[in-house]
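What follows draws every value from the coordinates through simple rules; no lab data is involved. A quick note: this is a predicted structure, and the numbers were derived from the prediction, not measured. Cβ atoms come from the backbone with ideal geometry, glycine included; neighbour counts cover every protein chain shown.
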Amino acid sequence: MVIIEEEADIYFDNSEEACCLVDLKSIGGLSSEVNKSISKEICNFIENVLSINSNRVYINFVNIDSSNWGWNNGTFG
């Protein structure tokens, strides 16, 4: 799922320069090494497609237990 808010007022480091906040949630599978790889891919994509410098991209990684993610009248766990 992807949600993009184009006109949100976001200030990082006391600057109004274009920036991006990514909230990435996963049912397992995240780790320090995986997160580094995903971060690189996301930052490259955002820099190339949206022209937002990678030093202005912030990513929040959240590992969610499968029983805490609901879908289709139940959960994944």
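Angle of helix 32-50 to the longest C-alpha principal axis of the chain, folded into 0 to 90 degrees and rounded to 10: 50°.
Charge tally around ASN60: other residues with Cβ under 12 Å, Lys/Arg +1 each, Asp/Glu -1 each, net 0.
Taking amide H as placed 1.01 Å from N in the peptide plane, the amide H of VAL22 sits under 5 Å from that of TYR58, ILE59, ASN60, each at least 5 places away or on another chain.
Panel note: the C-alpha atoms of the chain, placed on their principal axes, show extents of 42, 29, 23 Å (largest first).
Of the residues ASN35, ASN44, ASN55, the one that moves most in a GNM of the chain with alpha-carbon contacts below 10 Å is ASN55.
Working note: 222 nm ellipticity from helices only, DSSP H runs with n ≥ 4, each -39,500 (n - 2.57), summed and divided by the residues of the chain, gives -8500 deg cm²/dmol to the nearest 500. Counting only the Cα atoms, the stretch 22-66 fills a convex hull of 64 Å³ per residue.
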